[in-house]
1. Taking residue 85 as the residue in question, decide whether it is free of Cβ contacts under 8 Å to residues at least 60 places away in the same chain and either in contact with a strand residue (DSSP E or B) (Cβ under 7 Å, 6 or more places away or on another chain) or buried (at least 16 other Cβ atoms within 10 Å of the Cβ) (or both).
2. I'd like to verify a number: residues in region 88-111 that are closer than 24 Å to residue 126 by Cα and out of contact with any strand residue (DSSP E or B) (no Cβ under 9 Å at 6 or more places or on another chain), how many?
3. Kindly indicate whether residue 364 is modelled with pLDDT of 95 or more and in contact with a helix residue (DSSP H, G or I) (Cβ under 9 Å, 6 or more places away or on another chain).
4. So which helices (runs of 4 or more DSSP H) are wholly in region 262-341 and hold at least 2 residues that are within 39 Å of the chain's Cα centre (by Cα)?
5. I need every pair where a residue in region 180-194 that is within 12 Å of residue 104 (Cα to Cα) has its Cβ under 6 Å from the Cβ of a residue that is part of a helix (DSSP H, G or I) and at pLDDT 70 or above, sequence separation at least 6 or different chains.
6. Could you tell me whether region 46-58 includes any residue that is surrounded by fewer than 19 Cβ atoms within 10 Å (Cβ to Cβ) and more than 30 Å from residue 234 (Cα to Cα)?
7. Return only the number of the condition from (1) surrounded by 13 or more Cβ atoms within 10 Å (Cβ to Cβ); (2) more than 33 Å from the chain's Cα centre (by Cα); (3) free of Cβ contacts under 8 Å to residues at least 60 places away in the same chain that residue 164 does not satisfy.
8. Within region 137-161, track down each residue that is under 30 Å from the mean Cα position of the chain (by Cα) and free of Cβ contacts under 8 Å to residues at least 24 places away in the same chain.
């Protein structure tokens, strides 16, 4: 066995001449243990909340979205949709048309966005999984049907059971002038709400889903659309499909995946996670520096042993190696134990939902969401190990050299 490692293990386990050194060593290990465990747990919970938010957005958003590089609307005939449909991995294509509108129900009204979609919308989104009232159906009957966001439905006091519950939708005419009277300045159409969806407040307070033809008629856009939404198969290569769509669509269009559709939110989540990791790492660094005190006292106590090792022919590097390994062992024991304990707590929360929200009815989930990412484990190990190594190296380099 390597001599410095054998002596370092002996120093770590054996009882010291002063009991306070054992206590300080234990405190150092506990400090690293608690810090590592806290890092794993907090980062995993943060991952859980981030993943929950993204799942809520994914319930409404398509896998891939094509929009105009400039302007609000574009003619979909400018893109060869048949070529896109034939791309390996593409499942369905949906044309959508969005426009702001005034929604009125009796004496109640609100501003919302009508989103006209074609029949493929149920394939490009998971809207049917999020219907909380009624039955999802968008049909171009004599009175077209619509699906309304839950916040809008509450604002309008919408009652799907009522016999006469039609909504009146007003959209400003693009060619209307200030001299027009109110009746001539707006397109006006009636639609029958048949369902209410509840996904996430951003969507529930914004959207009313209507048939694409209805949206075309009330906006005056006979050919143009706001976006082309595409769903892909489960195991499809998203990046490869996007590259092929970009080649087909050309420079006048932007092709975005789920992350790029909400790039700002993803950046916020990453920034917040980095800030949390940085703050907890600083606390961890303070805990690790307890090792400085432990090694300092241990080296001073082993001054006589250092002299004996020197007389036996041990080099300065060998003696420094003994105490360097001692510090690494303290760091490693605390870090590994803390990470393992943190992972066990996370797994328990994932499978048994031990810690629940106090107001469960108001939350999307009942318990704190947790998601373990192994990159976080690696980052914690590297952070704790790196700081512990630097602290140990500094202490052994300064003190052992003086006492050798």
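The values are calculated or read from the model by the stated rules, or taken from the named source; none is laboratory data. Since this is a predicted model, take the numbers as computed values, not measurements. Using ideal geometry, Cβ is built from the backbone for each residue, glycine included, and neighbour counts are taken over all protein chains shown.
1. Working: free of Cβ contacts under 8 Å to residues at least 60 places away in the same chain: yes; either in contact with a strand residue (DSSP E or B) (Cβ under 7 Å, 6 or more places away or on another chain) or buried (at least 16 other Cβ atoms within 10 Å of the Cβ) (or both): yes.
Considered against the rule, which asks whether it is free of Cβ contacts under 8 Å to residues at least 60 places away in the same chain and either in contact with a strand residue (DSSP E or B) (Cβ under 7 Å, 6 or more places away or on another chain) or buried (at least 16 other Cβ atoms within 10 Å of the Cβ) (or both), residue 85 comes out as yes.
2. 1
3. Details: modelled with pLDDT of 95 or more: no; in contact with a helix residue (DSSP H, G or I) (Cβ under 9 Å, 6 or more places away or on another chain): yes.
No: the conditions fail for residue 364.
4. Working: elements: 263-288, 290-301, 303-311.
Counting at least 2 such residues, we get 263-288, 290-301.
5. Between residues of region 180-194 that are within 12 Å of residue 104 (Cα to Cα) and residues that are part of a helix (DSSP H, G or I) and at pLDDT 70 or above, the close pairs are 189/218.
6. No, that holds for no residue.
7. Here residue 164 meets the rest and fails (1).
8. Once the filter is applied, which keeps residues that are under 30 Å from the mean Cα position of the chain (by Cα) and free of Cβ contacts under 8 Å to residues at least 24 places away in the same chain, region 137-161 yields only 154.
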